[in-house]
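Data block below; observations after.
The values are calculated or read from the model by the stated rules, or taken from the named source; none is laboratory data. Being a predicted model, the structure only gives us computed values, none of them experimental. Cβ placement follows ideal geometry from the backbone for every residue including glycine, while neighbour counts extend to all protein chains displayed. Just the protein is used for accessible areas: all its heavy atoms, side chains included, with ligands, DNA and RNA removed. Shrake-Rupley method; radii C 1.70, N 1.55, O 1.52, S 1.80 Å.
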Amino acid sequence: MSRKLLLEHAHIEGINGYETYRKHGGYRAVEKALKNMAPADVLEEVKKSGLRGRGGAGFPTGMKWSFLAKPEGVPRYLLCNADESEPGTFKDRYLMEKIPHLLVEGMILSAYALGANTSYIYIRGEYSWIVFILEKAISEAYAKGWLGNNILGSGFDCDLYVNPGAGAYICGEETALIESLEGKRGNPRIKPPFPAVKGLWQCPTVVNNVETLAAVVPIVNEGGDNYARIGVGRSTGTKLISAGGNINKPGVYEIELGLPMEEFIYSDDWCGGIKNGKRLKACVPGGSSVPILPHYLVTKTAAGENRLLSYESLADGGFESGSMLGSGGFIVYDEDQCVVRNTWNFTRFYHHESCGQCSPCREGTGWMEKVLERLENGKGKLSDMDLLVEVAKKIEGNTICPLGDAAAWPVASAIRHFRDEFEWHVREPEACMQRNYGLVKEKAEMA
Amino acid sequence: MKVTKGSANDARPLPKLVASCQTQVLDGMEVANITSEEVLNARKGVVEFLLINHPLDCPICDQAGECHLQDLSFEHGLADTRYEFERRTFEKIDIGPYIKLHMTRCILCYRCVYTAQQLTPERVHGVIGRGDHAEISTFIEKAIDNDFSGNVIDVCPVGALTDRTFRFKSRVWFLKPMDAHRNCEKCSGKAVVWMYGNEIYRVTGRKDQYGEVHDFICNTCRFEKKALEDWTIEGPRDIDRHSVISQNHYENKTVTVK
Ligand SMILES: Cc1cc2nc3c(=O)[nH]c(=O)nc-3n(C[C@H](O)[C@H](O)[C@H](O)COP(=O)(O)O)c2cc1C
Ligand code: SF4
Ligand code: FES
């Protein structure tokens, strides 16, 4: 088993309460930082740690923080992105539910490093019960003097609020999140200006994922250099992976980056292999937005090297034969699963969640969904695959925010790797239905 | 458009295509607008996307002839459609006594929303729903109660928002646009009156060569002043547009109507 930095104490009874959390070393990092470190020192440790954003894009956190504009007399804001809506991803939920004080502590440290006196946690509306968990943790932290004015006599003031969204995936995009927080419709903004210059209420703002902010706690406790020793290359530290699909042990795992895929899927320490002794067919390693990998590219890269759970190794081979670490939403498919149906399902999601500002995303997602629906139901044409690739290509890169790309990639990659299966749906729709659902009889009667 | 050279200081091209209206001009920047294959392709794509849920009912649409979407499709569109599914349709809605909203034709450009936001202190006109199921809506079908609400008609590039006092009265290319003004307490009174013979069929704001409105005009001028004696006619309006609307208008520029 590898080291745990975030979930080390997650199994302890009562760790979601202040006393237990404190007893196990909680708020030690805040003490250390506020008493012995200047804000710039905290930033320096985060830079040294090599921590990269855990929300999906993997942008180096230290660098992002150093871009924050600091004009005189203008407030700065730190926002925690807890909108977690990417299909397959449920790691932030686990962290906030189990050990909410870790996020609160990480936010105090980060706000201190950035000089932000007001911070918000923007949480998806569907996590309604977690709002209460977080608010309880925050009020405990206020009561014990970890939040509020002049914390530990350091002169640093920090207020923290929780703000639930109304249930829109797009509000996880950082500028849509800001719009939503301002009380407006959650449409992404055109960038530049970036939030680091003009974010919440046109003031400099940093948006980070829950896990990213929580990771600042062990970084301050153990030092950035020590954190950077874990992992491989530019993928440092630990990462939460939410594993689901046809595996024996689905759940949230904290791994050291660089863990071999083979070990993660098959070892009893982790996912415990494919359920019911079936064979692996495909894997979506980083949430629904990343390209799907066929079984022969899951444990090995196209170059024949071992595929690791790291930013670089997963991206090895680019879009041709690679994927992305993304948000860590790890979905495994066994031999019985239908890629066409899965792609249709993902596309239906993006169609439903597109904000509708950009014509390619607004219209293209709906179009792809309809074509995929017809393919799945045996009404497709052989030309549909080229059409889908065409439409995906016309969306990609021509939109304001990456949701358009996120909708296009799964479709393009599914057709790249599983074209046979798509064609089979056109050529032998009945056999397909039979094999996938055994529904052929009802279908035939309906037609 | 494609930025082929970032600026004098940083010559690197921008990796992605950018929107011309949103990109800051820098010294030495070079752009390819109508010469880049990539841009033309992307634009073709966008026009195709805009049209898949559009009814293409130009023959019965009041906007035909001055429709930006019609112009765009003419310039970039395919003759055929690859879309084989049912299109989005809506019931027509009256937003107050003067304005008709026909969502079926709307391309969700948000222009009327931004205009209404300028005109009214509260948010009364906006977008509800998401994606291709989004709709322009006033607050639960209430009218936009504002003396300048008619300007949303002028900014609508398609036939989604139309003038109820003009709907189905004539085709725009049969009418002669004339610059005209009147003394108005509410607005500049500078407008364009659209005439057939000596009759005024409709009144609109003045637009420049890019179709942008010069001055917002008030609802009184737009909807209620349609008698010849209401207006001082200045002369034919020079409309620099490439679509059908500019046909037939200019051979007798010197004629003044009284
Ligand atoms: C459509 C869309 C949805 C997103 N949803 C989330 C989300 O739910 N949670 C999240 O942390 N980041 C999400 N992101 C990424 C954020 O825009 C942003 O990159 C991230 O919060 C930055 O934090 P990090 O640097 O700590 O990863 C989303 C991005 C897009 C384009
Ligand atoms: S890409 Fe889609 S979700 Fe993103 S801004 Fe454009 S329409 Fe909205
Ligand atoms: S002609 Fe009617 S919307 Fe374009």
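For a label point 7 Å from the Cα of residue A:390 along Cα→C-beta, name the residues of the stretch B:15-51 whose backbone N is under 20 Å from it.
In the stretch B:15-51, the label zone of residue A:390 (backbone N under 20 Å from the point 7 Å along Cα→Cβ) covers B:37-51.
What is the distance in Å between the Cα centroid of the stretch B:83-139 and that of the stretch A:238-260?
45
Mean-square fluctuation check for chain B, GNM, Cα pairs under 10 Å: which of B:70, B:24, B:117 is largest?
Residue with maximal mean-square fluctuation among B:70, B:24, B:117: B:24.
Given axes a ≥ b ≥ c from the Cα gyration tensor, I'd like to know whether the stretch A:104-160 is rounded (a/c under 1.5), prolate (a/b larger than b/c) or oblate.
Values: a/c = 3.09, a/b = 1.69, b/c = 1.82.
Since a/c reaches 1.5 but b/c is at least a/b, the shape of the stretch A:104-160 is classed as oblate.
Which peptide among B:172-178, B:199-205 comes first, and what is the full order, when sorted by highest mean count of other Cβ atoms within 10 Å?
Values: B:172-178: 18.9, B:199-205: 20.7.
Going by the mean number of other Cβ atoms within 10 Å, highest first, we get B:199-205, B:172-178.
Give the cross-link partners of residue A:370 among the lysines, using a straight C-alpha distance below 26 Å as the criterion and excluding same-chain residues fewer than 8 apart.
Within the straight-line limit of under 26 Å, residue A:370 reaches these lysines: A:281, A:379, A:381, A:393, A:394, A:441, A:443, B:44, B:92.
For residue A:35 and residue A:184 in the same chain, what is the full-extension length gain: residue separation times 0.36 nm, less their Cα-Cα distance, in nm?
Numbers: separation 149, 0.36 × 149 = 53.64 nm, distance 3.93 nm.
This chain segment gains 49.7 nm when fully extended.
Between residue B:186 and residue A:150, what is the FRET efficiency for a Förster distance of 35 Å, r being their Cβ-Cβ separation, to the nearest 0.05?
Numbers: r = 55 Å, r/R0 = 1.58.
So, using R0 = 35 Å, E works out to roughly 0.05.
Taking a quarter of the surface of the convex hull around the Cα atoms of chain B, what do you get in nm²?
Values: hull surface 66.5 nm².
Computing the convex hull of the Cα atoms and averaging its projections yields 16.6 nm².
Along the Cα-to-Cβ line of residue B:198, 7 Å from the Cα, sits a label point; which residues in the stretch B:217-240 have backbone N less than 12 Å from it?
Output list for this probe position: B:228-229.
Straight-line reach from residue A:47: which lysines have a Cα under 21 Å away, not including same-chain ones fewer than 8 places off?
A:4, A:32, A:35, A:64, A:70, A:239
Once a ≥ b ≥ c are taken as the square roots of the eigenvalues of the Cα gyration tensor of the stretch A:42-161, is the result rounded (a/c under 1.5), prolate (a/b larger than b/c) or oblate (a/b not larger than b/c)? Spell out each step's value before the answer.
Details: a/c = 1.83, a/b = 1.13, b/c = 1.62.
Oblate shape, in that a/c is at least 1.5 and b/c is the bigger or equal ratio.
From the Cα gyration tensor of the stretch A:85-231, with a ≥ b ≥ c the square roots of its eigenvalues, which class applies: rounded if a/c is under 1.5, or else prolate if a/b is larger than b/c, or else oblate? Working shown, then result.
On the way: a/c = 1.35, a/b = 1.28, b/c = 1.05.
Rounded, since a/c falls under 1.5.
Given H placed on each backbone N at 1.01 Å, which residues far from residue A:247 in sequence or on other chains put an amide H within less than 5 Å of it?
Sorted by chain and number, the residues that satisfy this are A:275.
For chain B, what is the mean residue ellipticity at 222 nm derived from helices alone (per DSSP H run of n ≥ 4: -39500 (n - 2.57); sum divided by total residues; nearest 500 deg cm²/dmol)? Could the numbers behind the result be given before it?
Values: 4 runs with 39 residues, N = 258.
Estimated from H runs of four or more residues: -4500 deg cm²/dmol.
Out of all DSSP beta bridges with both ends in chain A, state the antiparallel percent to the nearest 5. Show your work: numbers first, answer last.
Working: 20 of 42 bridges.
Of those bridges, close to 50 percent are antiparallel.
Calculate the spin-label point distance for residue B:232 paired with residue A:126, positioning each point 7 Å from the Cα along the beta-carbon direction, and give it in nanometres.
6.5
When chain B is modelled as a GNM with alpha-carbon springs shorter than 10 Å, which of B:119, B:101, B:40 fluctuates the most?
B:40
Please report the Cα spread of the stretch B:105-195 along all three principal axes, rounded to whole Å, starting with the longest.
Each principal axis gives a Cα extent; for the stretch B:105-195 these are 40, 31, 19 Å.
Placing unit charges on C-beta atoms (Lys and Arg positive, Asp and Glu negative, everything else neutral), compute the dipole magnitude of the protein assembly as shown about its Cα centre in debye, rounded to 20.
On the way: 84 positive and 93 negative charges, 85 e Å.
With only Lys, Arg, Asp and Glu charged at Cβ, the dipole is about 400 debye.
Ignore the peptide's own chain and count Cβ atoms of other chains within 10 Å of each Cβ in A:180-187; give me the average, rounded. Don't skip to the end; give the middle numbers.
On the way: counts 0, 0, 0, 1, 2, 7, 1, 3.
The per-residue average across the peptide is 2.
Can you check what the net charge comes to around residue B:56, using other residues whose Cβ is under 13 Å from the Cβ of residue B:56 (Lys, Arg +1; Asp, Glu -1)? It would help to have the intermediate numbers written out before the result.
On the way: positive: B:87, B:88, B:105; negative: B:48, B:57, B:80.
After counting each charged neighbour, the total is 0.
Using only the alpha carbons of the stretch A:281-335, what is the convex hull's orientation-averaged projected area in square nanometres? Present the calculation step by step, with values, prior to reporting the outcome.
Numbers: hull surface 12.8 nm².
With the hull built on Cα positions only, its mean projection is 3.2 nm².
State, as an integer percentage, the relative contact order of the stretch A:371-437 based on alpha-carbon contacts under 8 Å between residues 6 or more apart. Spell out each step's value before the answer.
Working: 52 pairs, mean separation 26.3, N = 67.
It rounds to 39 percent for the stretch A:371-437.
What is the Rg over Rh value, at two decimals, for the stretch A:232-334, using alpha-carbon atoms and the Kirkwood definition of Rh? Please report the intermediate quantities before stating the final value.
Numbers: Rg = 12.1 Å, Rh = 13.1 Å.
Dividing the radius of gyration by the Kirkwood radius yields 0.92.
Where does the protein assembly as shown land on the Kirkwood hydrodynamic radius, alpha-carbon pairs, in angstrom? Spell out each step's value before the answer.
Values: mean 1/r = 0.0351 Å⁻¹.
Hydrodynamic radius (Kirkwood, Cα pairs) of the protein assembly as shown is 28.5 Å.
List the aspartates and glutamates whose alpha-carbon lies under 17 Å from that of residue B:16, not counting same-chain residues fewer than 8 positions away?
The qualifying aspartates and glutamates are A:396, A:405, B:30, B:37, B:38.
Quick one: what are the phi-derived ³J(HN,Hα) couplings along the stretch A:241-248, Karplus 6.51/-1.76/1.60 with θ = phi - 60°, whole Hz, x for glycine and proline?
3J(HN,Hα) across the stretch A:241-248, in whole Hz: 10, 9, 9, x, x, 7, 10, 6.
Just to be sure I understand the interface: list residues from the stretch B:34-51 that lose 40 Å² or more of accessible area between the chain on its own and the complete protein assembly, 1.4 Å probe.
With the partner chains in place, the stretch B:34-51 has these residues losing at least 40 Å²: B:49.
Give a residue-ordered list of calculated ³J(HN,Hα) values for the stretch B:111-126 (Karplus: 6.51 cos²θ - 1.76 cosθ + 1.60, θ = phi - 60°; whole Hz; x for Gly, Pro).
5, 5, 5, 5, 5, 4, 5, 6, 7, 10, x, 9, 8, 10, 9, x
So which GluC sites (Glu not before Pro) in the stretch A:297-348 pass both tests, a DSSP loop state and at most 15 other Cβ atoms within 10 Å of the Cβ? Display every interim value, and only then the final one.
Values: sites: A:305, A:312, A:320, A:335; in loops: A:305, A:335.
Sites meeting the loop and neighbour criteria: A:305, A:335.
Within the stretch B:115-129, whose backbone N sits under 18 Å from a point 7 Å along Cα→Cβ of residue B:215?
B:119
Which whole-Hz couplings ³J(HN,Hα) result when phi for each residue of the stretch A:274-284 is put into the Karplus expression 6.51 cos²θ - 1.76 cosθ + 1.60, θ = phi - 60°, listed in order with x for Gly and Pro?
7, 5, 6, x, 7, 9, 6, 10, 7, 8, 10
Looking at the stretch A:274-314, which trypsin sites (Lys or Arg not before Pro) are DSSP coil and have at most 16 other C-beta atoms within 10 Å of their C-beta? Kindly include the intermediate steps, with their values, before the conclusion.
Details: sites: A:275, A:278, A:279, A:281, A:300, A:307; in loops: A:278, A:279, A:307.
Those that pass, being in a loop and sparsely packed, are A:278, A:279.
Could you give the alpha-carbon Rg of the stretch A:213-273 over 2.2 N^0.38 Å, rounded to two decimals?
Details: Rg = 13.2 Å, N = 61, 2.2 N^0.38 = 10.5 Å.
Against the compact-globule rule of thumb, the ratio is 1.26.
Mind checking the stretch A:26-132 for GluC sites (Glu not before Pro) that DSSP puts in a loop (not H, G, I, E or B) and that have at most 15 other Cβ atoms within 10 Å?
Numbers: sites: A:31, A:44, A:45, A:72, A:84, A:97, A:105, A:126; in loops: A:72, A:84, A:126.
Sites meeting the loop and neighbour criteria: A:72, A:126.
Is it possible to state the helix-based mean residue ellipticity at 222 nm for chain A, with each DSSP H run of 4+ residues giving -39500 (n - 2.57), the sum divided by total residues, to the nearest 500 deg cm²/dmol? What is it?
Details: 19 runs with 199 residues, N = 447.
Dividing the helical sum by the residues of chain A leaves -13500 deg cm²/dmol.
Determine Rg/Rh for the stretch A:276-416; Rg is computed over alpha-carbon atoms and Rh is the Kirkwood hydrodynamic estimate from the same atoms.
On the way: Rg = 14.9 Å, Rh = 15.4 Å.
Across the stretch A:276-416, the Cα-based Rg/Rh ratio is 0.97.
Over all directions, what mean area does the Cα convex hull of the stretch A:339-446 project, stated in square nanometres? Intermediate values should be presented prior to the final figure.
On the way: hull surface 25.4 nm².
Taking a quarter of the hull surface, the average projection is 6.3 nm².
Per residue of B:13-24, what is the mean number of Cβ atoms on other protein chains within 10 angstrom of that residue's Cβ?
Details: counts 0, 0, 1, 3, 2, 1, 4, 0, 1, 4, 2, 2.
Average neighbour count from other chains, rounded to a whole number: 2.
Can you list the cysteines of chain B that have no other Cys Cβ under 4.7 Å away?
For chain B, the answer is B:21, B:58, B:61, B:67, B:106, B:109, B:112, B:156, B:184, B:221, because their Cβ atoms have no other cysteine Cβ under 4.7 Å.
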